[in-house]
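Heads up, the thing below is written out as structure tokens.
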Amino acid sequence: MTTKLVISALGADRPGIVDELSNIVYTHALSIEDSRMSVLGGEFAILLLVSGEQAAIDSLQAQAPEIEQTLQMRLLLKPTAESGTIGNTVPYSVEVAALDHPGIVRNIASFFSKQNINIVNLQTEKYSAPHTGSPMFALHMTIGISAETNIARLREAFMDFCDELNLDAELKNI
């Protein structure tokens with residue numbers, strides 16, 4: 001029987017981290033099913049979903065302190081199961097762009113939370129506008145919308161909400 005484990009790792013950015021961690025996962029006879037990795041400031045952040053036999057998961061968990069020292073990273077390991085909500089929802093993409101200011105993520109997250117819509121993936125970035133150099137903010141999100149949701153009504157409410165906040169936005173089916 002296959003068991004799943006989420007691994008979160010955080011440490012100073014340096015070349016070779018992905019190679020070292022993926023080798024550790026491989027030598028424990030585990031498979032990487034899903035991953036997110038990013039440099040944030042001077043830190044490298046990793047999220048992995050790995051799977052394998054329970055004994056392999058147990059062995060990796062038992063060696064976590066040694067792995068932390070080898071990688072020079074903080075690890076958080078958490079057993080998990082398949083998500084039960086993904087099959088009941090339809091994935092939609094949300095794109096938002098605006099002049100950078102505090103509260104954009106909070107406002108968008110609050111809107112979808114009030115609609116009982118799950119945020120599946122969220123990525124943000126700051127950049128300079130091409131001609132003016134103004135500080136800009138972009139948000140890229142995947143949400144899971146219940147099949148019973150009236151998409152036209154949701155889209156209209158979302159666009160009105162974004163217009164009130166002076167956010168350029170798009171909500172589309174993936």
message = When you check residue 72 against the structure, is it under 30 Å from residue 48 (Cβ atoms), modelled with pLDDT of 95 or more and assigned by TED's automatic domain parsing to the domain that holds residue 13, yes or no?
response = yes
inquiry  = Return the residues of segment 142-162 that are of a type in the set (S, T, N, Q) and in contact with a strand residue (DSSP E or B) (Cβ under 9 Å, 6 or more places away or on another chain); say none if nothing qualifies.
reply    = 142, 146, 149
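Before we move on, is residue 139 closer than 30 Å to residue 19 by Cβ and outside any helix (DSSP H, G or I)?
Numbers: closer than 30 Å to residue 19 by Cβ: no; outside any helix (DSSP H, G or I): yes.
In short, no.
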query = Going through segment 142-174 one residue at a time, which ones are farther than 18 Å from residue 102 by Cα, exposed (fewer than 12 other Cβ atoms within 10 Å of the Cβ) and over 18 Å from the mean Cα position of the chain (by Cα)?
reply = 147, 148, 150, 152, 153, 160, 172, 173
task = Report whether or not residue 139 is surrounded by 14 or more Cβ atoms within 10 Å (Cβ to Cβ), within 27 Å of residue 38 (Cβ to Cβ) and either in the same structural domain as residue 96 (by TED's automatic domain parsing) or in contact with a strand residue (DSSP E or B) (Cβ under 6 Å, 6 or more places away or on another chain) (or both).
result = yes
remark   = Only one of (1) in contact with an Asp or Glu (Cβ under 7 Å, 6 or more places away or on another chain); (2) free of Cβ contacts under 8 Å to residues at least 24 places away in the same chain does not apply to residue 138, and that is (2)
ask   = Got a sec? Which helices (runs of 4 or more DSSP H) wholly within segment 1-82 have at least 1 residues that are within 26 Å of residue 124 (Cα to Cα) and within 19 Å of the chain's Cα centre (by Cα)?
value = 17-27
key: Per-region count, segment 1-30, residues farther than 18 Å from residue 51 by Cα and of a type in the set (Gly, Ala, Ser)   = 3
ask   = Do we find a residue being assigned by TED's automatic domain parsing to the domain that holds residue 138 and either on the phi > 0 side of the Ramachandran plot or among the basic types (Lys, Arg) (or both) anywhere in segment 99-106?
value = yes
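The values are calculated or read from the model by the stated rules, or taken from the named source; none is laboratory data. Computed from a predicted model, the values in this text were never measured in an experiment. Cβ atoms come from the backbone with ideal geometry, glycine included; neighbour counts cover every protein chain shown.
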